[in-house]
Each structure stands twice: as C-alpha cells, then as structure tokens.
1. I need every pair where a residue in region 566-590 that is small (Gly, Ala, Ser) has its Cβ under 7 Å from the Cβ of a residue that is surrounded by 16 or more Cβ atoms within 10 Å (Cβ to Cβ), sequence separation at least 6 or different chains.
2. Count, please, the residues in region 106-148 that happen to be among the polar types (S, T, N, Q) and part of a strand (DSSP E or B).
3. Considering only residues that are over 19 Å from the mean Cα position of the chain (by Cα), farther than 18 Å from residue 299 by Cβ and either in the same structural domain as residue 377 (by TED's automatic domain parsing) or part of a loop (DSSP other than H, G, I, E, B) (or both), which ones fall in region 316-346?
4. Can you find a residue in region 419-435 that is touching a strand residue (DSSP E or B) at 6+ places or on another chain (Cβ under 7 Å) and in a loop (DSSP other than H, G, I, E, B)?
5. Filtering region 519-549 down to residues that are hydrophobic (A, V, I, L, M, F, W, C) and over 24 Å from residue 390 (Cα atoms), which residue is surrounded by the fewest Cβ atoms within 10 Å (Cβ to Cβ)?
6. Among the residues of region 448-475 satisfying the criterion of being under 26 Å from the mean Cα position of the chain (by Cα) and closer than 16 Å to residue 428 by Cα, which is surrounded by the most Cβ atoms within 10 Å (Cβ to Cβ)?
7. Could you tell me which of the residues 168, 154 is touching a residue at least 40 places away in the same chain (Cβ under 8 Å), closer than 23 Å to residue 202 by Cα and hydroxyl-bearing (Ser, Thr, Tyr)?
Amino acid sequence: MCMQRIIHSWAWGVLLLLAVALSSSASAAPTITYRLSMPEPHTHYFEVEMRLQGFRGKHLDLTMPVWTPGSYLIREFPRNVEAFEAQAGNRQVSASKLDKNTWRVATGGKDVTVTYKVYAFELTVRTSFLDASHGYLNGTSVFMYPEGHKDLPSTLTVVPFQGWSKVSTGLPPVPGQPFTYRAANYDVLADSPIEIGNHEILSFESNGVKHEVAMYGDANYDPARLTADMKRVTDESTKIFGELPVDYYLFIVHNLPAGGGGLEHLNSTTLQATRTAYGTERGYQGFLTLVAHEYFHLWNVKRLRPAGLGPFDYNQEVYTNLLWVSEGFTSYYADLIMRRAGLLSEREHLDKIASSITSVENTPGNKVVSAAESSFNTWIKQYRPDENSYNTHLSYYSKGALLGMLLDLEILKATNGTKSLDDALKALYDEYYKKKDRGYTDREFQQGIEKFTGRSMEDFFRRYVYGKETPDYNAFLSTVGIRLTDVNAGTNQPLLGAAISTASGKPVVSIVTRNGSAWQAGLNVNDEIIAVNGYRVSEDINRSIPAYAVGDVLELVISRSGQLMVIPVKLLKDQTLKYRAELVPSPTEAQRKAYQKWTNPK
C-alpha cells in the first residue's frame with residue numbers, strides 16, 4: 001500500500017508538471033498587438049506601436065507591403081516610415097534594415113515593442129492620409145507584420161486625436177474595449193481601411209445585414225434618398241449570388257472638391273466623390289454606379305477570384321490574365337445592376353452600351369493589346385499612363401465590360417433566355433469560393449462559361465480575349481433585340497488627330513493619335529502651336545477644324561524645344577465611330593424573353 005501511494009503521488013506529480021508545462025507553452029504562443037495614435041494630426045504622422053510577444057529566435061524580421069490589393073502598382077509604402085525603434089523591457093535593442101521594406105530586430109528571444117511613424121498625406125482610396133480634420137488609412141501602408149507569420153491573429157487599438165469621437169472600420173470590435181478591434185490574420189488587417197474623426201454615419205439594412213456609410217466632408221446629398229437608393233443597389237447585387245457573405249458592411253466616402261474612384265475590400269469599400277456631384281442627376285447616377293461597382297466586388301474579386309489574386313505576396317507583383325473578368329465584369333454589372341434597380345432608364349442603359357462600344361473601338365490601343373495582355377501588364381501600364389498610352393494600351397475595365405456583355409448574350413442565346421451570366425458566375429462562386437476555397441485558372445473560368453453555353457468557347461476566347469479581333473456586335477446584341485448603328489457613317493469630315501491642352505496658357509499638343517493627320521505629318525507631343533496658315537492662335541485649334549475639308553493642308557508654325565519650325569498637316573477623313581443603340585421595333589418572342597431575363601430577372 002505504501003509503494004502504491006508513492007507511485008500514485010509520483011504519477012500525479014508528473015501530470016501536474018505536464019499541465020504546468022502545457023500551460024506555459026500555451027501562454028507563450030506568439031501574439032501581436034498594434035496601437036495606432038495620432039497626437040499631432042496637423043503634422044500628418046500616424047504613430048504605431050507594435051508589441052510582439054512569444055516569438056522565439058535571436059531576431060525577428062518585420063515587413064511592410066509595397067503595394068495594396070486591388071491597385072496593381074508598386075507604391076513603395078516603406079518610404080514613408082521613420083523613427084523605427086525596438087525595445088525589450090526598458091532596454092533598446094538593435095534594429096537594422098535588410099532591404100527596402102524589411103527591418104530586422106535583435107530580440108534575443110525576448111518580447112519586444114516596436115515603434116515607428118508613418119507620414120500620411122496622400123488622400124486616395126489606396127493610400128493613407130492624416131490632417132487636422134480626419135485620419136484615413138489602408139493597412140498595407142501603415143502596418144508591418146512579422147515575416148513568416150502573416151496568419152497570426154492580432155489586436156488593434158486606435159487612439160483618436162483629442163476631440164475625435166468616431167472610428168469606422170470593417171474589423172470586428174473587441175467587446176468592452178473602446179476603439180479596439182480584432183483581425184483574424186494580417187490579410188484581414190490589410191484589407192480593412194479605417195476612417196477616424198467626426199464624420200457623419202448613415203445606415204441602412206440590406207438582406208438582413210447592417211450597412212453603414214461613413215461620410216467625410218460636406219456634400220449636397222439627401223441622406224434619406226441616398227441610403228434608400230444604395231439599398232436598392234445592394235439588394236439587386238445580392239440577388240445575383242443568392243447570399244450576402246458578410247454580417248456587416250461599411251462604405252467609407254470621402255467628399256472632396258474634386259475626385260472619384262473606389263477600392264474594394266473584404267467587407268467594406270472606400271469611395272471618393274465630388275462634394276457637389278449629388279446635386280445633379282448625372283453626378284448622382286455616377287456615384288451610385290460607383291457604389292454598384294465596388295459592392296459587386298464583395299463577390300467578384302474578394303471571394304470569386306483568379307488564382308493569382310491571393311494569398312498575396314506583398315513584396316512583389318502578382319500576375320493574372322484575368323483582370324478583364326475581375327474588373328471588367330464588375331464594370332459591366334455596375335450598369336446592369338443600376339438598370340435592374342430602376343436607377344437607369346431603358347434609354348440611359350442603351351446609351352451606356354453604345355458609349356462603351358464607341359469608346360473601345362475608337363481607342364487605337366484596342367488593336368495593339370488584348371484583354372488578357374492588358375490584365376497581365378497592369379503593373380507597368382494601367383497606373384502609369386503616358387502620352388502614348390492611348391495608342392498602345394486599352395483598359396481591362398472597358399474591354400472586359402464589353403466581353404462580359406458578349407458572354408452574357410451568348411449564354412442567353414444558348415439557353416433560349418432561361419440562363420444568363422448571373423448563373424455562370426453563381427456556379428463559379430459556389431465551386432471555387434464556397435467548395436474549393438481557392439482561385440480559378442484561366443482554363444477553369446472558360447470551362448465555367450462553357451457549362452452554360454453548352455458548347456466550346458475556344459473560338460470566342462481565342463479571337464476576343466487573347467486576340468484583338470473586332471466582334472460583330474449586332475450579331476450578339478440581336479439576342480436581346482438591340483440594333484447598333486454608327487451615326488457617323490457616310491460623313492466626310494476632317495480630323496486633326498491630336499489633343500491640344502491649354503493648361504499652360506498656350507496651345508500644346510498632349511496626345512497624337514496613331515495614323516491620324518497629325519501623326520502622319522510628324523506633329524509631336526509637347527509641340528507648342530503658335531500659328532495656323534499665317535495667323536497666330538492661342539486656343540485649341542481642334543475647334544476650327546470643322547471649317548476645313550478633307551485634303552486641306554494646314555501650315556502649322558510650332559515651337560519644339562524652343563526651335564521654331566513649320567509643319568504642313570494634310571487633313572485626313574475622320575474615321576471616328578459614334579454608335580447609337582436602339583431596341584428593334586418588332587422583337588421576336590425569344591428576344592423579348594431574353595431581354596427580360598437580362599435586365600429584370602425574377
């Protein structure tokens with residue numbers, strides 16, 4: 001009995017030691033906490049404190065991204081970082097920079113606190129900004145992460161400047177802790193912009209989910225009308241995929257003297273608007289179309305995505321041929337959602353279709369680069385336009401929108417108006433986001449479309465996606481009873497083929513169109529036009545071109561790099577297309593059915 005008691009006591013002792021060891025191990029699991037403050041907002045500096053506990057090893061490498069998802073350009077965010085320091089306890093420890101966006105901290109296996117400042121004075125949807133009126137940030141341009149530990153959860157506490165009472169973000173709050181939030185991993189932290197200040201907050205419910213609108217800046221909007229119409233947009237968007245995959249959604253809106261554009265996030269978006277835009281129907285529609293575009297990204301890109309777009313490598317470019325789907329389809333659906341929500345009339349929708357086709361087909365770059373190439377080259381083309389971009393590049397937004405429409409019409413035709421691109425995207429969403437939890441490849445996307453056309457789409461993709469052929473738009477549009485006509489057909493007007501800027505107070509060539517009159521005559525970008533046919537000019541000479549005839553020669557006196565010279569320009573025929581779309585007067589039953597499914601699905 002005595003020996004049994006000894007063994008029994010020994011066993012309990014071992015179990016106790018194991019429990020203590022396990023408890024100690026659990027408490028030592030790595031944790032990350034951020035503290036964001038802004039004690040002097042007029043200086044434009046955010047101050048970041050980053051506590052790193054439980055990390056092992058002699059050193060820890062901290063990385064700051066060089067770009068932000070959704071905006072495909074290396075922006076070198078670390079250039080705004082200064083005053084980087086690290087402490088273990090009360091002792092400062094060594095910290096050195098390994099490359100442009102990595103700092104190495106000599107932790108010695110101890111818990112450390114890192115502090116640094118970030119200069120933030122670029123108010124765009126993709127960067128960060130701080131002044132005496134408010135603060136706004138994108139996580140990639142402010143927060144670092146421990147290399148190799150992107151998947152770790154973190155906690156963020158925001159300390160607003162004195163007198164600022166509101167923080168708006170898609171991050172879930174920590175109960176009982178003011179302005180404190182949780183991030184499941186760094187990707188979530190990076191994908192959750194934050195607005196800080198005294199902004200107005202509007203709200204509405206859509207599909208049982210609370211939606212908030214953080215409105216910074218004075219603007220001439222009607223809160224009741226705006227939220228009601230935004231709800232119409234969000235309701236229609238959700239119908240396409242059959243579910244709203246978030247339990248909260250945030251719109252951050254910056255109302256500025258001039259501006260526009262947006263950037264999508266996991267459960268939020270940031271929009272920029274001209275503060276007077278809400279006062280005109282055109283401006284108001286434009287804002288709601290932007291809302292529709294960015295909200296549609298909640299599914300298309302943030303969840304249903306090409307394989308290249310996540311998980312992200314924040315250190316370098318990531319490539320895909322499919323931005324014509326991610327952004328182009330989103331642009332296409334923005335107009336379609338507006339139509340379905342009753343925010344665009346039939347005539348306005350037809351005008352948008354005609355305008356989109358006109359714009360793409362009049363861009364010389366449409367014959368130079370394919371939709372797939374435009375997508376792949378976004379890192380060096382889309383966000384770096386120059387004076388020749390018009391001739392060599394075409395946005396995957398505009399070309400992709402047209403391709404989305406054509407594929408939609410192909411599905412409607414193949415299914416006798418019973419299925420549409422809505423159904424194909426919903427099936428792809430279910431397969432690759434909900435079931436497989438990964439992005440789709442180029443081939444898988446094409447196969448997803450083919451399931452609904454019931455035939456090979458190889459020819460379509462070869463000619464229009466990877467090739468540069470011009471589609472027979474009327475052959476596609478006839479499915480829904482639309483006829484496209486070129487109202488410029490049969491005209492014989494001259495065209496200079498050069499854009500002239502007078503921003504400097506002088507007429508200066510800003511763009512020369514490939515193969516146009518100015519191009520063939522040798523007119524260059526940055527040429528200052530001094531005189532035409534012996535008469536001095538001070539305005540855009542395009543205004544006077546209609547007074548001439550095709551074949552006339554203009555004798556231009558120009559200044560090129562300070563040297564005066566004479567350039568004769570023979571005016572060529574204006575080849576510009578100008579389309580108008582109309583419903584056919586007597587549509588067939590099949591056309592009526594397809595049109596109804598397309599614009600007002602039940």
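1. Close Cβ pairs (under 7 Å, with a partner that is surrounded by 16 or more Cβ atoms within 10 Å (Cβ to Cβ)) amount to 581/350; 581/353; 581/354; 581/482; 581/484; 590/417.
2. Result for region 106-148: 2.
3. The answer is 342, 343, 344, 345.
4. Within region 419-435, not a single residue is touching a strand residue (DSSP E or B) at 6+ places or on another chain (Cβ under 7 Å) and in a loop (DSSP other than H, G, I, E, B).
5. If we filter region 519-549 for residues that are hydrophobic (A, V, I, L, M, F, W, C), which is where we start, we get 519, 521, 523, 525, 529-532, 537, 541, 545, 547, 549.
Adding the requirement that they be over 24 Å from residue 390 (Cα atoms) leaves 530-532, 537, 547, 549.
Working: 530: 15, 531: 15, 532: 17, 537: 18, 547: 8, 549: 10.
Residue satisfying both the conditions and the ranking: 547.
6. Within region 448-475, the first condition is being under 26 Å from the mean Cα position of the chain (by Cα), and the residues that meet it are 448-449, 461, 464-468.
Subsequent filtering for residues that are closer than 16 Å to residue 428 by Cα retains 448-449.
Details: 448: 18, 449: 21.
This residue is 449.
7. Values: 154 fails: closer than 23 Å to residue 202 by Cα.
Going through 168, 154 in turn, the sole match is 168.
The rows are residues; the columns are (1) assigned by TED's automatic domain parsing to the domain that holds residue 52; (2) under 29 Å from residue 30 (Cα atoms); (3) touching a Leu at 6+ places or on another chain (Cβ under 8 Å); (4) surrounded by fewer than 22 Cβ atoms within 10 Å (Cβ to Cβ).
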position: 171; (1), (2), (3), (4): yes, yes, yes, no
position: 177; (1), (2), (3), (4): yes, yes, no, yes
position: 182; (1), (2), (3), (4): yes, yes, yes, yes
position: 185; (1), (2), (3), (4): yes, yes, yes, yes
position: 189; (1), (2), (3), (4): yes, yes, yes, no
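The values are calculated or read from the model by the stated rules, or taken from the named source; none is laboratory data. Model, not experiment: these values are computed from the prediction. Here the Cβ is made from the backbone with ideal geometry for all residues, glycine too, and neighbour counts use every protein chain on show.
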